[in-house]
Each structure stands twice: as structure tokens, then as C-alpha cells.
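Peer 1: This is the structure I want to talk about, given as C-alpha cells.
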Amino acid sequence: MTLTVSDRSAPPRAPGHPLLRAATGAVVLLVLLPLIALVWAALNGSGDLWPHLIANVIPHALIETALLVLGVGVVAGVIGTGTAWLVAVCRFPGRAVFEWALLLPLAIPTYIQAFVYVDAVHPLGPIPTLIRTTFGLAPRDLWLPEVRSLPGCILLLGLVLYPYVYLVARSAFLVQTASVLDAARTLGVGATEAFFRIALPLARPAIAVGVTLALMETVNDIGASEFLGVQTLTLSIYSTWLNRSSLPGAAQIALFMLALMVGLVLLERWGRRHLRVANIGGRSHAPVRRPLSAGQGALALLACFVPVLLGFLMPAGHLALAAWKRLQFHGIPQTILVETANTALFAAIGTALALACGFLVVVTLRTGALRSGLALRLAGLGYAVPGTVLAVGLLVPLAGFDNMVSHVSQQLTGISTGLLLSGSGAALIIAYVIRFLAIPVGGLEAGYGKIGPSLDMAARSLGEKPGGVIRRIHLPLLRPALGAAALLVFVDCMKELPATLMLRPLNFETLASHVYAEAARGTYEDGALAALLIVLVGLAPVILLARLSRPQHD
Amino acid sequence: MVRTAANSLARRLAVAGSLAAGLALAPLGASAEEVVNIYTTREPGLAKPLFDAFTAKTGVKVNSVFVKDGLAERVKAEGEGSPADVLMTVDIGSLLDLVDQGVTQPVKSDVLEKAIPANLRAPDGSWYALSARARVAYLSKDRVKLDAITYEDFADPKYKGEVCIRSGKHPYNTALIAAYIVHHGEAKAEEWLKGVKANLARKAAGGDREVARDILGDICDLGLANSYYVGLMRSGKGGPEQEEWAKAINVVLPTFQGGGTHVNISGATVAKNAPNKGNAVKLLEYLVSPEAQDLYAKGNYEYPVVPEAPVDPIIAAFGPLKVDNVDLVAVAKARKAAANLADKVGFDN
């Protein structure tokens, strides 16, 4: 296996199929649809919104958001990269367990994490009560960190979002280790030095992708920041919209946010503009993991255990306890099974479609049917739009389409079709696809990055057709990336809240909307069972994800 | 005939589980069966018992969706095809918003006009209040000895570091600030809001019942929250822990200086393109019947809007409610100014 770090080597271009190009165009158009609708709405003017926002809202919100993004970036980046390194190249007790356990926090939605921690660290919560009764303290004698604060929010978000970084960083380290690090080691480079001078720079593009995903989630988060009282840009501006009920205002705000997000992404890409890492030919072989001394091993174990404990075991345990108490008190909610089925089914459909669309776009680019990466960037835009705003942007065109179809049908056949898309849940699935398309696009692009262009050239020179190259070379090599993207999208769809709340049809609840309804009423303990189910349903994919991303010869 | 067949197929698919909603491409809503479709910002847990009772009584099936934000946008976008019959909100401001955005239609009903006092409905029948609740003071039983308190008092420096309240941008608080503006003007309201903020024991966040929990946890001594939560907690319906929270507080009905207690409403309007308008009116009429008003009082611990309907004993124990004299519509109009003030003083920051 050879790794090259070179300057902008472009993959070879084959004449692309026009059908591919058209299909990709359709996908990009779908993603742009809500944005176009928003631009249209934004042009309607919003009167006195901006002077107020600029004077009273945006300065504070910008600082708060910047600190949050910075904090979460550092927390998620350090935990994700650090644990990925330990698990990928070191040998210590429990390593095999942590390899998948480190992903578990992915199953916990940020808003649930926030509920749990406020509950658990409250003076009346189980931990403080235990401390107080042990030492005979009055509530005010025991100082507790305030979870409802910016540092609290940073920590909680960092704890549930670090797996995005961990996942990609680990794959990156696994691919590198075998040859480069072995070579480095034979040249007498120490472990620490190897990490900082070789592994980390090589893994940087991957880590950047992971951190960007985590930060996008952070900027878009409404549930946790609202509950913890952190005035992020999304939250402040969002509530300004709600208090004014102005769609044009909301649209302008959304576009403003979008510009900021695109700025964030561009900045990140610009930062690694000269870096291109490709794995030219060969297969990665299983890395030989370095055994750690007893002391180092204990430290490594601790470093891996703490994120799992705080990010997953603690909240899941607390939820399980709360759910158990509610079960005894209220019994099993009758609707919970249907809600679970709804959640899993919609997430599965959303995932399948997102994956298909993502693959289409990336393949089109690879085969040279499109010359620039613009389509990729555009296809990933949905991730940068807050869920609520995306939903509002989708409402108008989809309902417009529905009404048009119904109208035509009425004219031709006398049958009114009603709201075909927005009344059936199809709108929700479309929202999922647009919102999460960035994940398969990003993942597959990174996956393709590791398939050296020379492979395509070799295959083509041996007479393989472009379709054959995709089917017989790319797809098998992309399998881990596809699997990882699928599971991430699935978990994300399942946790999705704002678009679900706004776009779902009558009499349709998901686990997330159930939890939210209880939380909105202040009775979030009644939502504990549904919250626990989100975590449980999310667990299977997360564990699968861990297996999938393991190298084949492990 | 064709239409009925298609629709009954749609129904059957829909009934086969809401799973079908996604697959069948068969919109729920219009149907041969008697139905009424409700879009509501009211949490399903609170509204469901009322809907069930209505179905039991009339045989009209209630389809509902809880849409927290963007209700008006959704109905507006759906336009003529919208299945919505009744739009139900928990705040006078958002109710009037619906009317202003042109997604409602006025309906006339002798039953509604007779049951609901004139100040709790639109003269033209474009909206009707269905229940009410007061924004009341939760005071620590152990640490605050007061029989009466004004909203103005919450800004008194003697309560520094002792006040708990939810976000200043929450509709409940926006309406309260709006009422303050109507009473005292914007400048005084800003001063007041600054004072309350200076008194906060913790961030203005979380929910109303956390005020009681935080008082028990000795985080703060007093706070503002809605009346019906006390009913939920004291009745034991929320479980034993919440009974403990409620035991830690005394409830006092605060007043504005020279006014009464701030009361907000939950209410409903009929959607502009309602496909089942008759059933929509039927539902509204049911909701002000003695039976439903009793459910509002006993099930949700709200104040009924029908004057002769009894209040639940837990709520009645707070003492006689002297409803503030300001006009609800004026409060709704001051809402934007109130939201701006909350931003301006950085109430939630």
C-alpha cells in the first residue's frame, strides 16, 4: 500500500452518462427547492425585523454561538481523535469493547441528554441527594455545577457529538497505521511523535469532516440549547421569528444562517486546500497494535471509559430508571408500539433514499459527468439549514404541488387527490433526505478519496466499462463508507425533531415527537420511555456501525 | 360515488396503522365517515381526553396533529387542499395571529355566543376562548411568608437571587410582559423586566413546574408559573415526586397594581378551507358544554370560560380569581413589543 500526499491530483475523467448528469441535477434541485422557496419568501420583506435583531439579538447570539462551536469543536475533536487513536493503534484491556462502545452516545439525542443532566444534577436528583444525605448537607451547602449554562451545554453536546469525529478518525488511523506508522517506527520515531507528526496531519481531512458534522449539529441544535438557556443564533433568531409569526422574516434569517454555515464549511476546506490524501492501490492490512504498559493501559482504559460513561451509560441508566418508575405509575402508553414502528420505518425509508441520492451525486462526479465539485457542495447544503426552517421552506412548494395535482385531477377525473405529499408523510421523508444528504455525500466522497485514481485507470485500461468500474471496484471498496453513512443517517432521522414536528400528517407520531410533546408540557418524565426507546432503537445501528467500520482482517 | 370509494380506501389504509400514512400516499382527512381534523399547538396529553369524550358523545372521529411552531405557515401553505378544520392554540397571541394571517373563517353559533362571555370571543366569531389559566406566584412555604404579592414586586431588589422563571421568550411570559406594557407602558415594563432579571436565581429556562421543583431544591424562593401545573402536581397525577414539589410551595394569585391577575386563554378558530366545517362548529360547541368545561377544570385544572362552570377544588383553594381588567386583544397586540423587550434586556442571556 502506498500513501501519497500530493497537490491536487485530479481523478481521471471518463465521458459521463447524460442520464447520471440529469439524475444528479434532479437531486441538487430537490435540495435547492426549499432554499429557492425561502429566497422567494425572503423577498417579501419583513419590515422592522433587522434593526432590532442587529441591535439586541445578534451580537450576543454570535458570541454565544462562537463560544459554543469552539467549545464543542475542542471537546468533540479531542475526545473523538484521542479515543480513536487509542483504539486504533494501542493494545489495552477492554479495547475491543471500547471500539464499539465509544459510538454509543450517538444514540442519545441532544435534547434528551439535556433533560437527563438537568434532572440528574438537580439538588433533588439522585447524585446530589446521595452526596447530601451521606454528609448531612442542606441543599444550599452543596455547590453543584450549573448545567443550564454555556459550559454545561458545551460539555453535553461534546459528549454526544464526539462519535462523529471518532468514527472517521478511527478509519483514518486504521488505514494509515499499517505501513506509514510502521515505517516511522522503524526509523525510530516515538509513539507521541508519530501521532502528532504523522498520523494527525494525515488524518486531518477526515477529522475535519467529523468535526464539521458535529459543529453543524451544534449550530442547528434547538432542543438542548433551549432547555439549557443558551442563546445561540439559531435559538434567538428562531424565537424572534415565532414571536412575530413572519415567514419572510424567518426566511431572511434562515438565509443569513445558511451564509454563516457555508462560510464555516468553506473555511474548513480552505484550511486543507493543499492536502489531498489517497491510497494508491494495495489493501490495508491489519495494524499491529502497540501493547501498552500496565500504567498506560489503565490510563487508556480510563480515557475511553469516561466518555462512554458520561455520554451514554449515565444518561441511558437515568432514562431507564425514570422509564421504570413511570411504567409502574402509568403503565405502558398504548401508542408506543405504533410510534416505534413509525420512527423506524420512516428513518429506514429516509436512509435508503438519502443513500441512493448521495451515491448518485458522488458517482456522477467520479465518472466525470460533472466537472466541478459544486454539485457535491450543493447536495450537502441541507445539513446547514435548521430543521424548522427547512420544513417551512418545503411546505410551500410541496403543498403547492399537491394543490396543483389535486386541481388537475379534479378537472380530468372529478377526483380530488387531497394533499398527496404533505398529507401523507412523504413530505417528512423528503425533508429527511434533504436534511441528511450531506452525510452520504461527505462519507462517500471521503471513501472515494481513498480509492486511488490509478485503480480506475488500471481497470479501464484492462477493458472494464465505467459501469463495471463502479460495480466491481468502487462499490466493494466503498462498502464500509456506505454502511457507515447509512447508519449515521438512520440514527439522525430517528432523532430528528423540528421538521418532524412541522411536517408530519394527522395522527402520526414518532418517538421524538412524543418525547417533545411531553417535554413541552413540562412532563418530560412521561416521555422517558419513548426517549429510552429512541436510544434502544438507535443502539442496533450504532453497534452495526462499529462492526462495519472495523477493518476486514481484524 | 367514485370519490367516496377512493376516500374510503384511503381511510382503511390509514386505519391500518398510521404506518400506512407514509406508504399509502393516501392523505388522511376527507372521508365518508364523520371526522373533524384538528391542528393544535396544545400538547396532545392535555387535549386528548377532550377529543375522546367528543367522539364518544357524537361519533365524530377526531384526527389531530400537534404542531408546536409554524402552525399558521403550514395551514397557509396547504391552502385549499388543507384538511384542517379546527385550529387550536394555547395563547391569545397565536390565536389572533391565525386570524391576521387569513387562515381562519368566522362562524356564528348561538351556543357559543351564549356560553362564552363577550370579552373572551371575537365579535365576528373568528375566534373563541375555551379555557383560561392564571399566571400565578409559587412561593416557598418555608421561606416566604406572604398572603399577597404583585407582579411589580418580582422586580423588588429584596428578592435578589431568589426568583425562578422560564424563558422570557416563552409565549406565557411574552403575554405577561405584554400585559405589563398595557398597564404601565413600555419604559416601565423595561425597567421591571431588568429588575426581574437581576433577581433571577438561575437562567430563565426550562418549564413551569421546575419553578416548584427548584423551590423545593432551595435554588430559589419564589417564581411565576401557570396555575394548572399546581393542579397536576397536587392531584398526584404527575406521580409522588411532583406531589413533593407542590408541597414546598404556597400559591398566591398576584395582581397588577391597580389591576387583577394576568389570565391567558386557550382557544380555537375554524380553518378557512375547513372540509368539515359543520363538525368543526359541533366540536367547538361541545368544548363549551358543561361536560367539556368540567373536563377542562378537572382534567387540566384550568379555569373554565363558561362563568357558571365550577373550578376544580385544588385551583379554587388559591382564592377568588380577580381577572385583570386589560383587554386580551390589547395584550396580544403588545406581544411584539414584549418580545423585543425580552431581547433588549437580554432576559434569557
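Peer 1: If you restrict to DSSP beta bridges whose two residues both lie in the protein assembly as shown, what percentage is antiparallel, to the nearest 5?
Peer 2: Numbers: 29 of 45 bridges.
Taking every DSSP beta bridge within the protein assembly as shown, about 65 percent pair in antiparallel fashion.
Peer 1: Checking the table B:Lys145/B:Lys322; B:Lys169/B:Lys194; B:Lys141/B:Lys237; B:Lys277/B:Lys336 against a 23 Å threshold on Cα-Cα, which pairs fail?
Peer 2: Values: B:Lys145/B:Lys322 21 Å; B:Lys169/B:Lys194 14 Å; B:Lys141/B:Lys237 21 Å; B:Lys277/B:Lys336 32 Å.
In this structure, B:Lys277/B:Lys336 lie more than 23 Å apart at Cα.
Peer 1: Over the stretch A:332-540, what is the mean sequence separation of C-alpha contacts under 8 Å (at least six apart), divided by residue count, expressed as relative contact order in percent? Please list the in-between numbers first.
Peer 2: Numbers: 233 pairs, mean separation 64.1, N = 209.
Averaging sequence separation for qualifying contacts and normalising by length gives 31 percent for the stretch A:332-540.
Peer 1: What percentages make up the Cα-Cα pair-distance distribution of chain B when the bins are 10 Å wide from 0?
Peer 2: 5, 24, 31, 23, 12, 4, 1, 0
Peer 1: Excluding residues fewer than 8 places away in the same chain, name every one of the lysines whose C-alpha is closer than 28 Å to that of A:Lys450.
Peer 2: Straight-distance partners of A:Lys450: A:Lys465.
Peer 1: So, one more: Can you give the average number of partner chain beta-carbon atoms within 10 Å of each beta-carbon in peptide B:227-236, as a whole number? Provide the component values of the computation, followed by the final result.
Peer 2: On the way: counts 0, 0, 3, 0, 0, 3, 1, 0, 0, 1.
The mean count of partner-chain Cβ atoms within 10 Å per residue comes to 1.
Peer 1: Putting +1 on Lys and Arg Cβ atoms and -1 on Asp and Glu Cβ atoms, find which of A:Leu130, A:Gly527, A:Ala356 reaches farthest to the positive end of the dipole of the protein assembly as shown.
Peer 2: Towards the positive end, the residue furthest out is A:Ala356.
Peer 1: Roughly how big is chain A's charge dipole about its Cα centre, with Cβ charges of +1 (Lys, Arg) and -1 (Asp, Glu), in debye to the nearest 20? Spell out each step's value before the answer.
Peer 2: Working: 37 positive and 25 negative charges, 395 e Å.
Value, rounded to 20: 1900 debye.
Peer 1: Working from Cα positions, state the angle (0 to 90°, nearest 10) between the long axis of helix B:186-199 and the longest principal axis of chain B.
Peer 2: 70
Peer 1: Determine one quarter of the surface area of the Cα convex hull of the stretch B:255-304, which equals its mean projected area, and express it in nm² to one decimal.
Peer 2: Values: hull surface 19.9 nm².
Taking a quarter of the hull surface, the average projection is 5.0 nm².
Peer 1: DSSP H helices in chain A with Cα extent of 20 Å or more along the helix axis and mean Kyte-Doolittle hydropathy at least -1.0?
Peer 2: Working: long enough: A:18-42 (34 Å, 2.11); A:58-89 (44 Å, 1.80); A:150-176 (37 Å, 1.63); A:200-220 (29 Å, 1.19); A:247-271 (36 Å, 1.52); A:294-308 (21 Å, 1.76); A:314-330 (23 Å, 0.12); A:336-366 (44 Å, 1.75); A:387-413 (37 Å, 0.94); A:475-495 (29 Å, 1.43); A:528-548 (30 Å, 2.60).
Counting only whole DSSP H runs, the qualifying helices are A:18-42, A:58-89, A:150-176, A:200-220, A:247-271, A:294-308, A:314-330, A:336-366, A:387-413, A:475-495, A:528-548.
Peer 1: Given an 8 Å cut-off on Cα distances and at least 6 residues of separation, report the relative contact order of chain B as a percent. Write down the numbers at each step before the final one.
Peer 2: On the way: 667 pairs, mean separation 87.8, N = 349.
Value for chain B: 25 percent.
Peer 1: Along the charge dipole of the protein assembly as shown, which of B:Val323, A:Val338, A:Gly467 sits closest to the positive end, that is, farthest toward it, with unit charges on the beta carbon of Lys, Arg, Asp and Glu (+1, +1, -1, -1)?
Peer 2: A:Gly467
Peer 1: Give me a single rounded figure for A:226-232: the average over its residues of other chain Cβ atoms within 10 Å of their Cβ. Write out the running numbers ahead of the final one.
Peer 2: Numbers: counts 6, 4, 3, 9, 4, 9, 0.
Counting Cβ atoms of other protein chains within 10 Å of each residue's Cβ and averaging gives 5.
Peer 1: Hey, another quick one. Under unit Cβ charges (Lys, Arg +1; Asp, Glu -1), what dipole magnitude, rounded to 20 debye, does the stretch A:362-510 have relative to its Cα centre?
Peer 2: Values: 12 positive and 7 negative charges, 120 e Å.
Dipole of the stretch A:362-510, to the nearest 20 debye: 580 debye.
Peer 1: Enumerate the calculated ³J(HN,Hα) couplings along the stretch B:232-245 in order (Karplus 6.51 cos²θ - 1.76 cosθ + 1.60, θ = phi - 60°), each rounded to whole Hz, writing x wherever the residue is Gly or Pro.
Peer 2: 4, 6, 5, 6, x, 5, x, x, x, 4, 5, 4, 4, 4
Peer 1: With only alpha-carbon atoms counted, please give the Rg and Dmax of the stretch A:332-540, in Å.
Peer 2: Cα radius of gyration and Dmax of the stretch A:332-540 are 20.3, 66 Å respectively.
Peer 1: Taking every pair of distinct Cα atoms and averaging 1/r, then inverting, what Kirkwood hydrodynamic radius in Å comes out for the stretch A:343-433? Intermediate values should be presented prior to the final figure.
Peer 2: Values: mean 1/r = 0.0661 Å⁻¹.
Kirkwood radius, the stretch A:343-433: 15.1 Å.
Peer 1: Just order B:97-106, A:185-194 by mean Cβ neighbour count inside 10 Å, highest at the front, would you?
Peer 2: Per-residue Cβ counts within 10 Å, averaged per peptide and sorted highest first, yield B:97-106, A:185-194.
Peer 1: I'd like to compare A:30-39, A:486-495: which one has the highest average count of other Cβ atoms within 10 Å, and what's the full order after that? Kindly include the intermediate steps, with their values, before the conclusion.
Peer 2: Values: A:30-39: 20.3, A:486-495: 26.6.
Top of the packing list down: A:486-495, A:30-39.
Peer 1: Okay, moving on. Please list the non-local residues whose amide H lies under 5 Å from the amide H of B:Val136, H modeled 1.01 Å from N, same-chain partners needing a gap of 5 or more.
Peer 2: Distant-sequence amide H within range of B:Val136: B:Ala225, B:Asn226, B:Ser227.
Peer 1: Quick check on my link table: of A:Lys495/B:Lys272; B:Lys158/B:Lys188; B:Lys68/B:Lys247, which ones sit more than 26 Å apart, alpha carbon to alpha carbon?
Peer 2: Working: A:Lys495/B:Lys272 34 Å; B:Lys158/B:Lys188 19 Å; B:Lys68/B:Lys247 31 Å.
Listed pairs above 26 Å: A:Lys495/B:Lys272; B:Lys68/B:Lys247.
Peer 1: First compute the accessible area of the stretch A:332-540 with a 1.4 Å probe, then give the percent of it belonging to carbon and sulfur atoms. Show your work: numbers first, answer last.
Peer 2: Details: 4810 of 6730 Å².
Carbon with sulfur: 71 percent of the solvent-accessible area.
Peer 1: Then there's this: Using modelled amide H (1.01 Å from N, peptide plane; none on Pro or chain starts), what sits under 5 Å from the amide H of B:Ile249, excluding residues fewer than 5 places away?
Peer 2: B:Lys141
Peer 1: Turning to a different aspect of this structure: Semi-axes of the protein assembly as shown's equivalent ellipsoid from the Cα gyration tensor, sqrt of 5 times each eigenvalue, largest first, rounded to whole Å?
Peer 2: Details: eigenvalues 472, 234, 112 Å².
In descending order the semi-axes read 49, 34, 24 Å.
Peer 1: Related question: Just check the stretch A:500-550 against the gyration tensor rule for me: Cα atoms, a ≥ b ≥ c as the square roots of the eigenvalues, rounded for a/c under 1.5, and otherwise prolate or oblate depending on whether a/b exceeds b/c. Please list the in-between numbers first.
Peer 2: Working: a/c = 3.69, a/b = 1.85, b/c = 2.00.
Oblate is the answer for the stretch A:500-550, as a/c is 1.5 or above yet b/c matches or exceeds a/b.
Peer 1: Also, I was wondering about something else. If you wrap a convex hull around the alpha carbons of the stretch B:207-349, what volume per residue comes out, as a whole number of Å³?
Peer 2: Numbers: hull volume 24.3 nm³, N = 143.
Roughly 170 Å³ of hull volume per residue.
Peer 1: Additional query: To the nearest 100 Å², how much accessible surface do chains B and A hide from each other in total, with a 1.4 Å probe?
Peer 2: Working: alone 15430 and 24710 Å², together 34100 Å².
Result for this pair: about 6000 Å² buried.
Peer 1: Report, in degrees rounded to the nearest 10, the 0 to 90 angle that the Cα long axis of helix B:290-299 makes with the longest principal axis of chain B.
Peer 2: 50
Peer 1: Here is a follow-up. Among B:62-72, B:311-321, A:498-508, how do they line up by average Cβ neighbours within 10 Å per residue, starting with the highest? Before the final figure, lay out the partial values.
Peer 2: Details: B:62-72: 22.7, B:311-321: 16.5, A:498-508: 24.5.
Sorting B:62-72, B:311-321, A:498-508 by mean packing, highest first, produces A:498-508, B:62-72, B:311-321.
Peer 1: Take peptide A:355-363, look around each residue's Cβ out to 10 angstrom, count Cβ atoms belonging to other protein chains, and average those counts. Can you show the working numbers first?
Peer 2: Values: counts 0, 0, 0, 0, 0, 0, 0, 0, 0.
Averaged over the peptide's residues, the number is 0.
Peer 1: Pop the C-beta distance of B:Lys322 and B:Lys188 into the FRET formula with R0 = 30 Å and round what comes out to the nearest 0.05. The partial results should precede the final answer.
Peer 2: Numbers: r = 21 Å, r/R0 = 0.72.
Using R0 = 30 Å, I get an efficiency of 0.90.
Peer 1: Additional query: Rounded to the nearest whole Å², what accessible area per residue is found for the stretch A:32-100 with the 1.4 Å probe? Before the final figure, lay out the partial values.
Peer 2: Working: 3010 Å² over 69 residues.
Spelled out: the 1.4 Å probe surface of the stretch A:32-100, per residue, equals 44 Å².
Peer 1: State the answer as a single residue: which of A:Ile434, A:Leu381, A:Leu478 lies farthest towards the positive end of the charge dipole of the stretch A:332-540, with beta carbon charges of +1 for Lys and Arg and -1 for Asp and Glu, about the Cα centre.
Peer 2: Of A:Ile434, A:Leu381, A:Leu478, it is A:Leu478.
The values are calculated or read from the model by the stated rules, or taken from the named source; none is laboratory data. Owing to the predicted nature of the structure, the values given are computational and were not obtained by experimental measurement. Heads up, the Cβs are rebuilt from the backbone with ideal geometry, glycines too, and the neighbour counts pull from every protein chain shown. Heads up: the accessible areas ignore ligands, DNA and RNA and are worked out on the full protein's heavy atoms, side chains in. Shrake-Rupley method; radii C 1.70, N 1.55, O 1.52, S 1.80 Å.
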